[in-house]
Each structure stands twice: as C-alpha cells, then as structure tokens.
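Working notes for the structure below.
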Amino acid sequence: MATSSSSSPLFLGFDLSTQQLKAAILDRSGSLIHESSVHFDRELPQLGTTNGALHGDLPGEVYCNVVVWIEALDLLMNKLKAAGVQFGDIVAISGAAQQHGSVYWDDAASPLLQKLDATQPLACQLVPEAFSTCKCPIWQDSSTTEECQIIEKELGGSHTVSNLTGSRAYERFTGAQIFKLYRKHRGIYDATGHISLISSFLASLFLCAIAPIEVSDASGMNLMDIETHKWSKEILEVCGGPTLRAKLGPEPVEGGTVMGTIGKWWVDRWGFKPSCIIAPFTGDNPSTVVSLSSHGDVILSLGTSTTLLISIPPSTSTPKRTITSHLLADPTDRDSFIAMLCYKNGALAREYVRDHHSSKDWSVFNKLVESTPTGNDGYMGFYFPLFEIIPQNVIGDFFFHNGELIPSFEDPKYHPRAILESQLLSIRSRIISILPKDSHPLKRLLLTGGSSANEVIRQMAADILHLDTYVAESKEGGTVGGALLAMFAWWKQQGGEGGLDELKKGLKSDGFKLVAKPDAERAEIYEDSVGLYRKCEHKVVELNANKGEEIDDDL
C-alpha cells in the first residue's frame, strides 16, 4: 500500500533482524500505512549469507558482514520510493535491531558520514573505509566461552555480574565479543574508533553521525550498570582496557528522546525534510514490548524456542536478578524494567513428546492432555532434546512421581500434560522469583508464535500463570515498535505529557483477542505445585552437576 502526501504526520520504523530488514510506516492514529522488507539471502545472494549469517573459521563463530545491512538499506529505500512513499511527510524515524551484535567503526567514519555524496548509495561510500573490520559478530555467536569465564572470575562470579548488569556473562553478549577482539585481535581493536550496537549503527546512518547506544539495548551488553544506566567502569576495564570507555561514546541514551535531525544525504537524495527527527533505536525484544504491551503485561512467544517478556512498572525495589534470567532497562521509562526468560527447548520439546507419545498428531496430543487431571496425578516430566538455557546446559528426559525420581511413567498418556505443565511451571516459578515484592499485579498474558493457536496450550497457560490470555493479531512487533518509538519522541517534542502508555491510549486498538480465562480451582492447584516443581528441577540440575554447571539457587 503506497502512502500519499497529506497533512497527517507519518512515522517510520525499521527492524534489522537476523534475516531481513523491514520498514513500517504509521500515521498519527497508529494505523499501519505501509510495510516493506528486504530478505538478505534471497535479495542479496551475492553477499553469501545463509539465514542472514556467515560462519567463521573458529567453532561457534557467527557474524554478518556490515555491507549486507548497508546494501539492504539502500535497496529498501528504493522499494519504499517505488511504492509511492512520500518521504517529506515522515516527521520522525526510529527502529530496532537484533540484540547483542556489534559494529566496529574506524576513525574515518565520522568524516565519511558527514560528507556523503547524495548522488551515490551508502554502501560504496562507507564500505570498507568506515570500518576497522567488516565482520560484525551477531547473537548466534558462541565462540567466547573463555572470555565469559574470565569476566565472571574477575568480577567475583556469575551472580555478581548478573546483579550488576542484569545478566550473567553470556557468549552472545557484546561485552564478551569486544573482549575477544581485545584479547585476540588487538590490531583491529586499536584501530576501532567507535563501537556501536547494530541498533545504534542503523541510527548512525540516518543521523550521518555516530549515534549513542540506547539504554534498553545496552542492557544486553554485560557492560552497563542496570540500576544507574551508566557504563560500569570495572567491567569496561576487564573487557577492553582503558580505551573502551571512549570507544563506546556517551552514557546510554534514554528512549523517547530526540538525538538530532536526519542527515543532509537523506534530505538531498530521498526528499526527507531537514526537520525530520531521529529517535534512539533499540533492541528487537524491547521494541516488541513497545509494540504489543503496556506495564504489567506478559508476552509469551511460543515458537521454536520460548521467550517470556514482562513489562515491570516502577516500584520501590529493583526486580531480582538471577543467573537464568535477563533484566533490561525499559526503553521509554527510566524507572521501569523488562524481565526476559529464554528457553531453547520450546516447540521442539513439545513436538518431541507429540512424536514419541501422541502418534505424531496434535489432536491426539490434545485429547491426552484433556484426559488427565490438573497436576497429572503427581507425574512430572522434563524434556530437553537440546542443551537447555534454563536450567543451563541440562539435556535429556527426567521423570518424577510425587517428587521422587522414577525411570519412566507407568502410562504414556501422562507425557503430553507433563511437558506443558513443566514448561509453564518453570516460567511461573521464575516470575515469582523476579518480581519485586511490592510490584503491581500482572494484568494479562499475550501469546505469540506458532503454538499460540493451540487451544489446550492457551488454557493451560492461563491456568498456570493465572492471567487472562490473549493472542495478538499483529506479527510485526519489532517494526511497529520502532515506528511507535519515533512517534513517542515526536509527541514529547510537541508537548505530550506522560509515558508511552498515555500516548498509546489515543491510538487505534492494539488488536488483541481474549482466548482463555484462568479457572480458579485449577490455578490454585498449580500455585501449590510450584514448590514441587522447584524440588524436581533442582534434582534434574544435580543429575547434570558433573558438567560443572551452577545451580540456580534463586528459585
């Protein structure tokens, strides 16, 4: 759908994900006016990516060449123009990007950005001259285990790092990636003038100047103090020595602010007005929260993996940090947080149970769940086809009856209910641990992902998490979230008062459908089951203790 010139202001949002770059345009009412995308593998095949990534020589090394993202932006702008988008009507731009990935500019970057030639596209003017390396490690990289171990040892352990930064040291997090460059590729590190996240790299292209890193995305670096929103001097010293602070630029910037106006290249080449503002770009998970939820909402993505996001409103105490969860700064509210849980064995484990114990048929799976009582007659099962993240590095199947380890279930009919109850009780137990004691009650559960269409899973999620449960009709959370962040910054500049929730009240309906309400009796049974679940999970972790993994004693 093309946009036509009008007096209504328009807001442009981007989402630079692993496999594609997407754009969405909203009008002042919040209606989606246009969307376009560029798929890296399919539309830029000459750049050689597979599922948006490239693999290095070392085990676990995964990166993307920065030219992929710049050429995708050039191509996407041509698509928007061909669709009739009137760039002069766009008053604000923001966006999101895959979290944790990093971009390494050299000292030539700033002058090159400032003097871009409007008769030429971006890629040929910036690559490779503006970068100390074109290899940008992304979130799939797992080559920095040694660096993570050193970080945690130097700081006093995984709990110390988690308490300080919101997460323990993770291989995919930016701090470990920078540390690897500092330790093993010192020449490239020393030639780096500035380090951006992928989100702030994209914002820099629109500003035609190096953009600061946004506070919520900075939460995924293991470099920022999660309470003060400032860079942690002691971790920076470990990860990059005395020069890292200068390479990161100013302190992380809060969302909803105006970083500046669009660069001259965009005005001359594409017809943007010089007054078009650029707001901070954030990470894809915080942008999804901006798009789909408000304070007190819980987003549960039931895809191949399982991701939980909780928008935690301000309270007198900070949410608890654990070594299996992540705590992020809220992208628009200084005193709010986002709690995040990531599980590797999501749909994969459910499909494993379906195939082995339900005739490879979801209808059989659902009937078996409904044939067994709440609590599964005391049977509990844990299924980890892959090494899990929560609890960390556990693998295999484990079965219990009334809290006692058993070799298997006496009747296979118990398996379908067992996988759903154990996955959801794991989430329930951790929500209880994370939320501040004086936190306002959670409001609703928003389901996304393929399994959100399963009515049996919807109802059990409502019962175990004890929340009214909805499904979202929109599938473009990150992109629309970027456009909303642009609108929020513009709205505040125009004199708007209050937070993002106040802005969203005046926009069109968020398009959620109520699909399940918790049953009080079943919810009470599950509430009483949390302690038993924790006991069984603790035993599973002990059985894997020979791998040297820490037990999450925060449960």
Exercise for review: At q = 0.11, 0.17, 0.24 Å⁻¹, what is the base-10 log of I(q)/I(0) for the range 234-310 according to the Debye formula with one equal point scatterer per Cα and no solvent? Please give it to two decimals.
Suggested key: -0.57, -0.94, -1.03
Study note, to complete from the structure: Filtered hits (lysines, Cα-Cα < 24 Å from residue 344, offset >= 8 within chain) -> 320, 360, 475, 535, 539, 547
**Study point:** Rg [Å, one decimal], Dmax [Å, integer] - the range 98-198, C-alpha atoms
**Key:** 16.0, 54
Check your understanding: List the aspartates and glutamates whose alpha-carbon lies under 14 Å from that of residue 513, not counting same-chain residues fewer than 8 positions away?
Key -> 455, 468, 473
Review point. Roughly what angle does helix 362-371 make with the longest principal axis of the chain, taking Cα atoms, 0 to 90 degrees, to the nearest 10?
Key: 50
Exercise for review: Between the alpha-carbon centers of the range 391-422 and the range 208-284, tell me the distance in whole angstrom.
Suggested key: 46
Review point. Can you list the lysines whose alpha carbon sits under 30 Å from that of residue 115, skipping same-chain ones fewer than 8 residues off?
Key: 22, 79, 81, 135, 247, 264, 273
Point to revise | Environment charge of residue 468, counting only residues whose C-beta is closer than 13 Å and scoring Lys/Arg +1, Asp/Glu -1 | key: +2
**Study point:** the chain shape via C-alpha gyration tensor axes, a/c threshold 1.5
**Key:** prolate
Check your understanding: Taking a 1.4 Å probe, which of 297, 106 shows the most accessible area, and what order do the others take after it?
Key -> 106, 297
Practice item. Considering Cα pairs under 8 angstrom that are at least six residues apart, work out the relative contact order of the range 1-144 and quote it in whole percent. Key: 29
**Study point:** Cα long-axis angle, helix 198-207 against the chain (0 to 90 degrees, to the nearest 10)
**Key:** 20
Point to revise | Per residue, in Å², the accessible surface of the range 286-407 once ligands and nucleic acids are set aside, probe 1.4 Å | key: 35
Point to revise | Total formal charge among the other residues, if their Cβ is under 13 angstrom from that of residue 275, Lys/Arg +1 and Asp/Glu -1 | key: +1
Check your understanding: What is the gain in length, in nm to one decimal, between residue 493 and residue 160 on full extension, counting 0.36 nm per residue of separation less the C-alpha to C-alpha distance?
Key -> 116.0 nm
Check your understanding: In whole Å and largest first, what semi-axes does the C-alpha gyration tensor of the range 1-133 yield when each eigenvalue is scaled by 5 and square-rooted?
Key -> 29, 18, 13
**Study point:** Protein accessible area in the chain, 1.4 Å probe - carbon and sulfur %
**Key:** 50
Point to revise | Cα centroid separation - the range 120-194 against the range 42-98, whole Å | key: 21
Study note, to complete from the structure: Quick tally, 1.4 Å probe accessible area for 344, 508, 233, sorted with the most first, runs 233, 508, 344
Exercise for review: Would you check the accessible area of residue 134, probe 1.4 Å, heavy atoms only, in square angstrom rounded to 10?
Suggested key: 30
Review point. So what is the relative contact order for the chain, in percent, with contacts set as C-alpha pairs under 8 Å and at least six apart?
Key: 15
Exercise for review: Quick one: what are the phi-derived ³J(HN,Hα) couplings along the range 26-36, Karplus 6.51/-1.76/1.60 with θ = phi - 60°, whole Hz, x for glycine and proline?
Suggested key: 10, 8, 5, 7, x, 6, 7, 8, 7, 8, 9
Review point. Which ³J(HN,Hα) values, rounded to whole Hz and listed in residue order, are derived for the range 400-409 from phi using the Karplus coefficients 6.51, -1.76 and 1.60 in 6.51 cos²θ - 1.76 cosθ + 1.60 with θ = phi - 60°, glycine and proline given as x?
Key: 9, 9, 6, x, 9, 5, 10, x, 6, 7
Check your understanding: Leaving out ligands, DNA and RNA but keeping every protein chain, what accessible area does residue 63 have, in Å² rounded to the nearest 10, with a 1.4 Å probe?
Key -> 40
Check your understanding: If ligands, DNA and RNA are left out, what is the accessible area of residue 435 with a 1.4 Å probe, given in Å² to the nearest 10?
Key -> 40
Practice item. Would you rank 81, 360 by solvent-accessible area, highest first, keeping every protein chain in place and using a 1.4 Å probe? Key: 360, 81
Exercise for review: Would you please give the residues with an amide H less than 5 Å from that of residue 390, counting only those at least 5 places away or on a separate chain, with H modeled from the backbone geometry?
Suggested key: 344
Practice item. For the range 405-509, just list the percent of Cα-Cα distances falling in each 5 Å bin from zero outward, please. Key: 2, 9, 14, 15, 14, 16, 12, 7, 4, 2, 2, 1, 1, 0
Revision key, fill the gap. Descending packing, highest mean Cβ count within 10 Å first, for 288-294, 375-381 is 288-294, 375-381
Review point. Counting each DSSP H run of 4 or more residues in the chain as -39500 (n - 2.57), what helix-only mean residue ellipticity at 222 nm follows after dividing by all residues, to the nearest 500 deg cm²/dmol?
Key: -11000 deg cm²/dmol
Check your understanding: Full extension from residue 39 to residue 81: what is 0.36 nm times the residue separation minus their Cα-Cα distance, to one decimal in nm?
Key -> 13.4 nm
Practice item. Mind giving me the FRET efficiency for residue 120 and residue 183? R0 is 35 Å, r the Cβ-Cβ distance, nearest 0.05 is fine. Key: 0.40
**Study point:** Considering only the chain, percent of DSSP beta bridges that pair antiparallel, nearest 5
**Key:** 75
Review point. So what is the relative contact order for the range 273-382, in percent, with contacts set as C-alpha pairs under 8 Å and at least six apart?
Key: 20
Study note, to complete from the structure: Charge tally for neighbours of residue 530 with beta carbon under 12 Å away, counting Lys, Arg as +1 and Asp, Glu as -1, is -1
Practice item. First check a/c for the range 178-234, with a ≥ b ≥ c the square roots of the eigenvalues of its C-alpha gyration tensor; if it is under 1.5, answer rounded, and if not, answer prolate when a/b is larger than b/c or oblate otherwise. Key: oblate
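The values are calculated or read from the model by the stated rules, or taken from the named source; none is laboratory data. Note that this is a predicted model, so its numbers are computed, not measured. In this analysis, Cβ positions are derived from the backbone assuming ideal geometry, glycine residues included, and neighbour counts consider all displayed protein chains. Only protein heavy atoms, including side chains, enter the accessible area calculation; ligands, DNA and RNA are left aside. Shrake-Rupley method; radii C 1.70, N 1.55, O 1.52, S 1.80 Å.
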